[in-house]
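Here is the structure we will look at.
The values are calculated or read from the model by the stated rules, or taken from the named source; none is laboratory data. Worth saying up front: this structure is predicted, and the values here are computed from it rather than measured. When we count neighbours, we look across all protein chains shown, and the Cβ atoms used for this are built from the backbone with ideal geometry, even at glycine.
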Amino acid sequence: MSDAPIVPNPAPDAPAETSEVASEYVSPKEIEKLSPEMKTIVSVFAGIFRSTSGPDPETSRIVAESEMHEETCKLEGYKESLRTRDKQNGRDHEFRKKKLNHETFQSTIISVVCVIGICTGLYLLVVKKDETLGSNILIASFLALLGGGKFIAQKGKD
């Protein structure tokens, strides 16, 4: 690379006698020293390089709008999935509440029946002196009460 500046052609009709092609940066002052024909050629090449170096403003605007549309669609999809998840969580919560209410009611009924069975077994055992029936009802009711009010078949389902 040469450090010599590009000098304008003194006579426009005379051929240029440069043995070396300058490939370094040319300042605007040096371009002003060029002949009008060379200025035109330089401006044409500069225009070509500028126009091919990137998209035009309209294309850039369209690309930006499409990217914004894509991000907006992603955001709307995410919001909708959150709404769907909230609705599903609400349905699950209602189901768990109903199931808990049902289990509580069932446990209460079984506990009351077991206490009545224990009282009946004690009555038969003590008052009626029926040891066989009274003791069997007493033992069965007591074991059912200790079992937490759950049937044997239901214990494996939890």
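Some notes on this structure:
- Within region 80-116, being modelled with pLDDT of 95 or more and small (Gly, Ala, Ser) holds for 81, 90.
- Test: residue in region 67-79 that is at pLDDT below 95, within 30 Å of residue 147 (Cβ to Cβ), surrounded by fewer than 11 Cβ atoms within 10 Å (Cβ to Cβ) and not polar (S, T, N, Q): no
- Filter pass, residue 104 being surrounded by 14 or more Cβ atoms within 10 Å (Cβ to Cβ), among the β-branched types (Val, Ile, Thr) and assigned to a helix (DSSP H, G or I): no
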